[in-house]
Amino acid sequence: MRSICAIFALMYILLGLHSPVAAMSNMDQENKIEALKKEIAEIKTAQQQQSAMLEEVSKSQNLQKTTFEFISNFYGKKVTSLSYFFPEKAEFSPADKKFLMLAASGGLISISCKDVKKYASGTEIVLGLVNFYSVRITNLKFTIEYSTEMINALDSDNFIERYKKFEKDKRTITERVATLVPGVEEKLRISIPEYKPEDVKYIGVSMEVGGMSFLTK
């Protein structure tokens, strides 16, 4: 409302510059115009700041809503609604030592690369898996991809050639784990016969959870 009034006032003064009955001198009118312009600019800045604040509040509310959906829909196996925050595929280089989250319907774990070493003519990679649920998750199937190229969509240098090499050298294996107990790291050993340790640049892991095991009264 202040912005609209200021604009009308500015139009009134501009029209008054050509009126023979203008009460103020041209200098006074120009000063008034400049003051109104400054006020309009300040109002617009305040509006932009308010819009930015409302956008941040909206983002926070959406995050809280998504987290609530994850909790409330767990027993309905609607974990995929949270795939943006807990990815259904963990992708990393064997050289990375960080922990990544991995989600699936009925399961949420952390995964990390514990060791990479030569094994026969190929490579053995040891992954650390930690179950974040308070119950055992059982009959897990892990689909593991590996390749000699780690690519990033933001990389511009020879991206097409590197992507072709990534796809050409990519291999897929599956591994099964019977049980993951809560809060205890389980090691999963992967044998890669095709490549030496220094040649493995990419690991991608997704999982399926077969069931849960818990005590009842």
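All of the numbers you see were taken from the coordinates with simple rules; none came from a lab. Keep in mind that this is a model prediction, so the values were computed, not measured. Methodologically, a virtual Cβ is constructed for each residue, glycine included, from the backbone with ideal geometry; neighbour enumeration extends over all protein chains shown.
3J(HN,Hα) along the range 124-140: 10, 10, 10, 9, x, 10, 10, 7, 8, 7, 8, 10, 5, 10, 10, 6, 8 Hz, from the Karplus curve 6.51 cos²θ - 1.76 cosθ + 1.60 with θ = phi - 60°, whole Hz, x for Gly and Pro. Given their separation in residues at 0.36 nm each and the Cα-Cα distance between them, residue 28 and residue 174 gain 44.4 nm when the chain is fully extended. The listed peptides 117-123, 133-139, ordered by packing as a protection proxy, come out as 133-139, 117-123 (highest mean of other Cβ atoms within 10 Å first). By other beta-carbon atoms within 10 Å, ranking 150, 27, 207 with the fewest at the front produces 27, 150, 207.
Full extension from residue 35 to residue 93: what is 0.36 nm times the residue separation minus their Cα-Cα distance, to one decimal in nm?
14.9 nm
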